[in-house]
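Asker: One structure is given below, represented as C-alpha cells, and several questions about it will come after.
The values are calculated or read from the model by the stated rules, or taken from the named source; none is laboratory data. Quick caveat, the model's predicted, so the values are computed rather than measured. In this analysis, Cβ positions are derived from the backbone assuming ideal geometry, glycine residues included, and neighbour counts consider all displayed protein chains.
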Amino acid sequence: MSVMVEKFKEGYGVLFDRNWPLWVGAIVLALLGAICMAAGRPWGVAGGLRVWGDWIFYSIGLYKQAPGNALWLSNPAILTWGLLFGAFGSALLSRQFAFRPAPPLELLKGLVGGVFMGVGSVMAGGCNVGGFYTAIAAGSVSGFAMMVGLLVGALIGLKYLMWEIEHLPSKPPKQRTAKEGGRDWKKVQPWLGLIFFVFLVGWAYGLSYRAYTQPAVLMLAAVGIGVVIQRCRFCFVRSFRDPFMTGEAVATRAVALSVILSVLIFFTIKWFRADWQMIYIYHHWIGGLVGGIIFGIGMLLAGGCGSGSVWRAGEGQWKLIIAVLTFALSNSLFKNYVWTSKFAAAWGKPYFLPDLTGGYFWAIVITAVVMLLWWAVMAWNEETDRLTMV
Amino acid sequence: MAQWTPDEVLDCRGLSCPMPILKTKKALKNLKPGQILEIQGTDPGTRNDLPAFTQRSGDELLGEEQGDGYISFFVKKG
C-alpha cells in the first residue's frame, strides 16, 4: 500500500510540481484546438472576453440591448471561461494559486496593456490565438499579417520596457508582496483543485445531458487547454519577445510546431467539410497588421497575451486580472462604437489561403515554410544574438 | 542564513514575467565575473526562466533560498 502511495506521489510530482516541457504543450494545444474546430467553434480567447465586456456594459445600462451571446453558454464565452477555470484548477493542483499583488506601475501597465490588446484584437479579428494561431491554422491570410504585426509590436513594447528600466525607478513594493499562504493552505490546495475539476466535469456532463453538447465539448476542451497552458507556462508572448530579449527561441519553436500541426488537422477537417471552409476567415488584412502591432505592444506591457493574461489571472496575479478586465471592456467598447461595418470594410477582405494557392497542398507548404523560417531565423539568432536588443 | 553572500541584491518582488529576467540581465551586465547577484522574486515563472537564461548567458545559477514570502535566487556572473 505504501508503495502505491509513494508511486502516486511520484507521479503527482511529475505532473504538478515540475513544469511540463513546452513541446508537450505545443502538441496538446494543437489537438485540443482541433477538437474545438471539429465541434464547430475554433479556439479563441478575445471573443469570450468581449462577451464578458458586453454583459458588464449591459448590466450597468450603457448598452440598451442584451448581448447576442449568452454570458455562460455561448460558444465564445464558454471557451474563455474554460481556459480560466482550467488554469485556476491547475494552479490549485500545483499549489501555485495565490493572490499576487504588484507595484502600482505594474498594475498600470496591466491596465494600459489590456486596453491595447482589447483594441488590437478587434482590428485583427482576434487575439494572438484567434487572430494569429487559430487564424493561420484555419487558412486565414490575415493570420500572417497579424504575425508580422505582433513581431513589430513586440519590438516596440520591448524598447519601452528597456526605457522604463533605465528611466523609471521601480519602487520596491510595500511589504505586502505575494503571500504564498501558510503550509496548511498549500496542503489544502490540491484537494480544492480536485473538487473543482470534479465539479467542472459534472457540469459538462449536466450540459450534455440537457442537449447542450456543443458547449459541453468546448468547455472540456478549453479546461484542458487551461491546464496544459498553465502547467507548461505556454506563452505566446515569449515566442515573439524572447528572441529579442534573451535570445532564447524555445517558445518560438513550440509555437511554430503547434501551428504546423494545427494547420494539418484544420485543413483535414475543412477538406471533409467544404461548408466549413470559411470558418474563421473573416479577418482583414490591414486590420491584422495594425491590430497586431497594437496588440503586440499591449502584450509586452501586460506580460501576457490573450491566453496568457487569462491563465495568469487564473493563478491570482493582480496585474493580469486587471489586464483581462480592461481587455474585455475596451474590446467591447471598440467593437460596438468604433469598429462600424463601414470602417472595417475599408481595411480589407477575408482571404482563404487555399483559394489563393489553388488548393490545400501549397497552402500547407507555404504555412509550414513561414513557420520553419521563423523557427530558423530565431534559432540562428539563438547562436549569434544578432537580433537580441537587450 | 544565506549560503551565498551577494555583491548586489535585486528586488523583483511583485514583478511578473518578463521584468525579473530583464532586470537580471541588466544587473548582471554591471557586475564583474565571479561576483554574485541575489534576485528576490515572487513570480512563479522565474524558477523556470532563470535556469534557462543562465544556461544561455554563461552565468551560473548557484541555487535558491526561501525568504519570507519570496524566493531568493543566487547567480554568479560568468
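Asker: State all residues of region B:1-27 that are within 14 Å of chain A (Cβ to nearest Cβ) and in a loop (DSSP other than H, G, I, E, B); if no residue qualifies, say none.
Answerer: Within region B:1-27, B:ARG13, B:GLY14, B:LEU15, B:SER16, B:CYS17, B:PRO18 meet the criteria.
Asker: Taking the options A:LEU356, A:LEU300, A:LEU372, name whichever one is at pLDDT 95 or above, surrounded by fewer than 18 Cβ atoms within 10 Å (Cβ to Cβ) and of a type in the set (A, V, I, L, M).
Answerer: A:LEU372
Asker: Answer yes or no: is there a residue in region B:57-74 that is on the phi < 0 side of the Ramachandran plot, touching a Pro at 6+ places or on another chain (Cβ under 8 Å) and of a type in the set (Ser, Thr, Tyr).
Answerer: Checking region B:57-74: not a single residue is on the phi < 0 side of the Ramachandran plot, touching a Pro at 6+ places or on another chain (Cβ under 8 Å) and of a type in the set (Ser, Thr, Tyr).
Asker: Another question about this same structure. Across region B:28-40, what is the number of residues that are touching an Asp or Glu at 6+ places or on another chain (Cβ under 9 Å) and assigned to a helix (DSSP H, G or I)?
Answerer: Result for region B:28-40: 1.
Yes/no matrix, rows are residues, columns are (1) at pLDDT 95 or above; (2) of a type in the set (A, V, I, L, M, F, W, C):
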position: A:GLU6; (1), (2): no, no
position: A:VAL14; (1), (2): no, yes
position: A:ASN19; (1), (2): no, no
position: A:ARG41; (1), (2): no, no
position: A:ALA46; (1), (2): yes, yes
position: A:TRP52; (1), (2): yes, yes
position: A:TYR58; (1), (2): yes, no
position: A:GLY68; (1), (2): no, no
position: A:PHE85; (1), (2): yes, yes
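Asker: Only one of these is without any contact (Cβ under 8 Å) to a residue 40 or more places away in the chain, in a loop (DSSP other than H, G, I, E, B) and closer than 17 Å to A:ARG241 by Cβ: B:ASP43, B:ASP68, B:ASP49. Name it. Please lay out each step first, then the result.
Answerer: Working: B:ASP68 fails: closer than 17 Å to A:ARG241 by Cβ; B:ASP49 fails: in a loop (DSSP other than H, G, I, E, B).
Within the list B:ASP43, B:ASP68, B:ASP49, the selection yields B:ASP43.
Asker: Please give the helices (runs of 4 or more DSSP H) falling wholly within region A:1-105 in which 3 or more residues are surrounded by 19 or more Cβ atoms within 10 Å (Cβ to Cβ).
Answerer: A:22-38, A:46-59, A:75-93
Asker: With the structure loaded, tell me whether B:LEU62 is within 12 Å of chain A (Cβ to nearest Cβ) and either farther than 27 Å from A:TYR160 by Cα or not acidic (Asp, Glu) (or both) or whether it fails that test.
Answerer: no
Asker: Quick one: A:GLY126 ticks every box in (1) within 14 Å of chain B (Cβ to nearest Cβ); (2) within 13 Å of the chain's Cα centre (by Cα) except a single one, so which number is it?
Answerer: Result: A:GLY126 passes all but (1).
Asker: Please report, ordered by residue number, the helices (runs of 4 or more DSSP H) entirely within region A:220-338 with at least 3 residues that are closer than 30 Å to A:PHE57 by Cβ and either within 14 Å of chain B (Cβ to nearest Cβ) or of a type in the set (Lys, Arg) (or both).
Answerer: In region A:220-338, A:285-302, A:306-314, A:318-333 are the helices (runs of 4 or more DSSP H) which contain 3 or more residues that are closer than 30 Å to A:PHE57 by Cβ and either within 14 Å of chain B (Cβ to nearest Cβ) or of a type in the set (Lys, Arg) (or both).
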